[in-house]
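Read the structure below first, then the notes.
The values are calculated or read from the model by the stated rules, or taken from the named source; none is laboratory data. Note that the coordinates shown come from a computational prediction; the quantities given were computed from them, not determined experimentally. No Cβ is skipped: glycine too gets one built from the backbone with ideal geometry, and neighbour counts run over all protein chains shown. Accessible surface is based on the protein model in full, side chains and every heavy atom, while ligands, DNA and RNA are left aside. Shrake-Rupley method; radii C 1.70, N 1.55, O 1.52, S 1.80 Å.
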Amino acid sequence: MDLDWQFMYHVLPAFGWGLWLTLYISLAGIVGALGVGFLSALGLYFPGFWSKPLGAYVQIARNTPLLIQLFFLYYGLNEIGFSLSAKTCAVVGIAFLGGGYMAESFLLGLKALPKVQLESALSLGLTRLQALKHVLFAQSLAISLPSLGANVIFLLKESSVVSAIALVDVMFVAKDVIGIYYKTNEALILLVLAYLLAILPLSALFVGLEKYYKRRVC
């Protein structure tokens, strides 16, 4: 397979800008997903009137494709007079989708701990928030981290569909290069390298966090 290295060098800046937008949207959405997921997990772990709505949200988020959610946010809301920018729709969509997955991951860690820990903390006079902060959080996080890391990487890869709402992310750039110059192999190689550049550091980060929290808890 002969590659046009000069052409790859020529389009490299475009892939760089596309990768920057991919990372910006993905990381903003992932931060939102972590926040939404954690609060949702707390609402599901401590039962109340909010449990059923939160359970419904988790099921809807996990069982609808991100592409459909983006179309609803970008096109559907616009039809009723509520317009959002493409970037905002992408961030909100990733946060909405990811929140459902993160909620299950956080909840998995909390439910894995013996109930007696929470009961003992409450019997000592701690509030639920204090029990969560001082007793449950670090232990549950050590259990949840592998799942959380997998979700983060999943959401970063899932962001490849945001080009459907005209965002010039790295996937959009690759499709554009293929459509204009017919340089399929060169574009796909740069696309793979871009995603590896984004994902491998995140993977290493979560491996390091898992080891850290396991040592801290043990």
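Using the structure shown, decide if Ile25 is assigned to a helix (DSSP H, G or I) and under 16 Å from Leu167 (Cβ atoms).
On the way: assigned to a helix (DSSP H, G or I): yes; under 16 Å from Leu167 (Cβ atoms): yes.
Yes.
Which one of these is out of contact with any strand residue (DSSP E or B) (no Cβ under 7 Å at 6 or more places or on another chain), more than 29 Å from Trp17 (Cβ to Cβ) and aromatic (Phe, Trp, Tyr): Tyr212, Tyr182?
On the way: Tyr182 fails: more than 29 Å from Trp17 (Cβ to Cβ).
That would be Tyr212, the only listed residue that is out of contact with any strand residue (DSSP E or B) (no Cβ under 7 Å at 6 or more places or on another chain), more than 29 Å from Trp17 (Cβ to Cβ) and aromatic (Phe, Trp, Tyr).
If a residue must be more than 20 Å from the chain's Cα centre (by Cα) and either open to solvent by 40 Å² or more (accessible area, probe 1.4 Å) or closer than 22 Å to Leu202 by Cα (or both), how many such residues does segment 171-185 contain?
Here is the first cut: in segment 171-185, the residues more than 20 Å from the chain's Cα centre (by Cα) are 173-185.
From what is left, the residues that are either open to solvent by 40 Å² or more (accessible area, probe 1.4 Å) or closer than 22 Å to Leu202 by Cα (or both) are 175-176, 178-185.
Number of matching residues: 10.
So in segment 66-90, with the set limited to residues that are assigned to a loop (DSSP other than H, G, I, E, B) and open to solvent by less than 80 Å² (accessible area, probe 1.4 Å), which one is farthest from Val161 (Cα to Cα)? Walk me through how you get there before you give the answer.
Narrowing segment 66-90 to residues assigned to a loop (DSSP other than H, G, I, E, B): 80-85.
In the following step, the residues that additionally are open to solvent by less than 80 Å² (accessible area, probe 1.4 Å) were identified as 81, 84-85.
Numbers: Gly81: 24, Leu84: 17, Ser85: 16 Å.
Only one residue fits best here, namely Gly81.
Looking at Gly18, is it open to solvent by less than 90 Å² (accessible area, probe 1.4 Å), more than 19 Å from Tyr195 (Cα to Cα) and not β-branched (Val, Ile, Thr)? Break it down stepwise before answering.
Values: open to solvent by less than 90 Å² (accessible area, probe 1.4 Å): yes; more than 19 Å from Tyr195 (Cα to Cα): no; not β-branched (Val, Ile, Thr): yes.
For Gly18, the condition - open to solvent by less than 90 Å² (accessible area, probe 1.4 Å), more than 19 Å from Tyr195 (Cα to Cα) and not β-branched (Val, Ile, Thr) - is not met.
From the list Ala187, Ala174, which residue is touching a Leu at 6+ places or on another chain (Cβ under 7 Å) and among the small types (Gly, Ala, Ser)? Talk me through it step by step, then tell me what you get.
On the way: Ala187 fails: touching a Leu at 6+ places or on another chain (Cβ under 7 Å).
Testing whether each residue is touching a Leu at 6+ places or on another chain (Cβ under 7 Å) and among the small types (Gly, Ala, Ser) leaves just Ala174.
Does Leu188 satisfy the criteria of being over 24 Å from Leu97 (Cα atoms), without any contact (Cβ under 8 Å) to a residue 60 or more places away in the chain and open to solvent by 30 Å² or more (accessible area, probe 1.4 Å)?
Numbers: over 24 Å from Leu97 (Cα atoms): yes; without any contact (Cβ under 8 Å) to a residue 60 or more places away in the chain: yes; open to solvent by 30 Å² or more (accessible area, probe 1.4 Å): yes.
Against the criterion (over 24 Å from Leu97 (Cα atoms), without any contact (Cβ under 8 Å) to a residue 60 or more places away in the chain and open to solvent by 30 Å² or more (accessible area, probe 1.4 Å)), Leu188 qualifies.
Would you check if there is a residue in segment 103-114 being out of contact with any Asp or Glu (no Cβ under 8 Å at 6 or more places or on another chain), open to solvent by 70 Å² or more (accessible area, probe 1.4 Å), of a type in the set (A, V, I, L, M, F, W, C) and under 20 Å from Tyr213 (Cβ atoms)?
So far as segment 103-114 goes, yes, one or more of its residues are out of contact with any Asp or Glu (no Cβ under 8 Å at 6 or more places or on another chain), open to solvent by 70 Å² or more (accessible area, probe 1.4 Å), of a type in the set (A, V, I, L, M, F, W, C) and under 20 Å from Tyr213 (Cβ atoms).
In segment 123-142, which residues are open to solvent by less than 70 Å² (accessible area, probe 1.4 Å) and aliphatic (A, V, I, L, M)?
Listed by number, the residues that qualify are Leu126, Ala131, Leu132, Val135, Leu136, Ala138, Leu141, Ala142.
Restricting attention to helices (runs of 4 or more DSSP H) lying wholly within segment 100-218, give those where 2 or more residues are touching a Ser or Thr at 6+ places or on another chain (Cβ under 8 Å) and under 29 Å from Gln69 (Cα atoms). Break it down stepwise before answering.
Numbers: elements: 115-123, 128-131, 137-158, 170-181, 184-217.
Because the criterion is at least 2 residues that are touching a Ser or Thr at 6+ places or on another chain (Cβ under 8 Å) and under 29 Å from Gln69 (Cα atoms), the helices (runs of 4 or more DSSP H) in segment 100-218 that meet it are 137-158, 170-181, 184-217.
Going by what's in this entry, would Val168 be described as at pLDDT 90 or above and open to solvent by 70 Å² or more (accessible area, probe 1.4 Å)?
Values: at pLDDT 90 or above: yes; open to solvent by 70 Å² or more (accessible area, probe 1.4 Å): yes.
Yes.
Pairs only if they're at least six apart or on different chains, beta carbon under 7 angstrom, first in segment 22-35 and touching a residue at least 24 places away in the same chain (Cβ under 8 Å), second in a helix (DSSP H, G or I) and surrounded by fewer than 19 Cβ atoms within 10 Å (Cβ to Cβ); list them, first residue then second.
If the second residue must be in a helix (DSSP H, G or I) and surrounded by fewer than 19 Cβ atoms within 10 Å (Cβ to Cβ), the pairs left are Ile25/Lys87.
Only one of (1) outside any loop (DSSP other than H, G, I, E, B); (2) surrounded by 13 or more Cβ atoms within 10 Å (Cβ to Cβ) is not met by Gln59, so which one is it?
Among (1) outside any loop (DSSP other than H, G, I, E, B); (2) surrounded by 13 or more Cβ atoms within 10 Å (Cβ to Cβ), Gln59 violates only (2).
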